[in-house]
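Asks: First the structure, then my questions, so here it is.
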Amino acid sequence: MMNANATGEQTVVIVGAGLGGGNAAVTFREEGWRGRIVLLGAEPGIPFGRPPLSKTYLRGEEDLSAWLVKPADWYGEHDVELRTGSTVRYEYIYSFWSDQYEHNLEYVGFARKWERIVLRGDYNSRKFLAFYLTQGILQAAFGLNRGGDPELDPDAELRTCQDLIRGRIQLSEAALADDHVDLRSLNTTP
């Protein structure tokens, strides 16, 4: 909920400086937000929409100015701190669990796509961990009747997986698959 009576001491941080983030910053200012606004984005430049690839654009008959959320000078004139070319590290790693009949399922992280899945444990006994990797970096982990509760048990295997995901560490597939290797030993981040 927006507080139009915000002081300069209050800050809104908007993660994502694309069309949505840019419009959020504009809306805050136009609706009376007087506090600080920081707009973070990975791409360089000011917020803009994604124009359809059209013949008029390709022929140079149309420029991108119509796709800008606001002109470049608008952000400075309205005290919106635009920090582009930066990424934000998420501290909280999502987790999900479900008890299905006699089976317990746990999932941490998020993997929309992956290159490799590495199993630890015994697939046939239905007690294993599955690690979803992209370029050797853990994106997500799934536990079937194994892994513990990452939210409640600090020693749970899936809690360690959350730390490995957060650290974006390049991992050895052999070490992940080996039940004799303590997962905590793979975390090389300080």
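The values are calculated or read from the model by the stated rules, or taken from the named source; none is laboratory data. Just so it is clear, the structure is predicted and the values come from calculations on it, not from any experiment. Note: ideal-geometry Cβ built from the backbone for every residue, glycine included; neighbour counts use all protein chains shown.
Asks: Filter the range 88-109 down to residues that are closer than 12 Å to G167 by Cα and aromatic (F, W, Y) and give me whichever is modelled with the highest pLDDT.
Replies: Y92
Asks: I would also like to ask the following. Can you go through R120, R159 and tell me which one is surrounded by 14 or more Cβ atoms within 10 Å (Cβ to Cβ), among the basic types (K, R) and part of a strand (DSSP E or B)?
Replies: Of R120, R159, the one residue that is surrounded by 14 or more Cβ atoms within 10 Å (Cβ to Cβ), among the basic types (K, R) and part of a strand (DSSP E or B) is R120.
Asks: So, one more: Criterion first (among the aromatic types (F, W, Y) and either free of Cβ contacts under 8 Å to residues at least 12 places away in the same chain or on the phi > 0 side of the Ramachandran plot (or both)) does Y123 satisfy it?
Replies: Working: among the aromatic types (F, W, Y): yes; either free of Cβ contacts under 8 Å to residues at least 12 places away in the same chain or on the phi > 0 side of the Ramachandran plot (or both): yes.
Considered against the rule, which asks whether it is among the aromatic types (F, W, Y) and either free of Cβ contacts under 8 Å to residues at least 12 places away in the same chain or on the phi > 0 side of the Ramachandran plot (or both), Y123 comes out as yes.
Asks: Restricted to the range 14-31, and to residues that are surrounded by fewer than 17 Cβ atoms within 10 Å (Cβ to Cβ) and at pLDDT 90 or above, which residue is nearest to A72 (Cα to Cα)?
Replies: In this case the residue turns out to be N23.
Asks: Could you check the range 131-155 and list, in sequence order, the residues that are on the phi < 0 side of the Ramachandran plot, in a loop (DSSP other than H, G, I, E, B) and crowded, with 21+ Cβ neighbours inside 10 Å?
Replies: P150 - this is the single residue of the range 131-155 that is on the phi < 0 side of the Ramachandran plot, in a loop (DSSP other than H, G, I, E, B) and crowded, with 21+ Cβ neighbours inside 10 Å.
Asks: Next up: Among what's in the range 62-120 and is under 18 Å from the mean Cα position of the chain (by Cα) and among the hydroxyl-bearing types (S, T, Y), pick the residue that is nearest to E173 (Cα to Cα).
Replies: Y107
Asks: Outside the structural domain of A42 (by TED's automatic domain parsing), under 27 Å from G41 (Cβ atoms) and charged (D, E, K, R), is that true of R168? Lay out the reasoning, then the answer.
Replies: On the way: outside the structural domain of A42 (by TED's automatic domain parsing): yes; under 27 Å from G41 (Cβ atoms): yes; charged (D, E, K, R): yes.
Yes.
Asks: Another one. With G109, G22 as the choices, which residue is out of contact with any Phe, Trp or Tyr (no Cβ under 6 Å at 6 or more places or on another chain), more than 30 Å from R159 (Cβ to Cβ) and of a type outside the set (A, V, I, L, M)?
Replies: After ruling out the rest, the residue left standing is G22.
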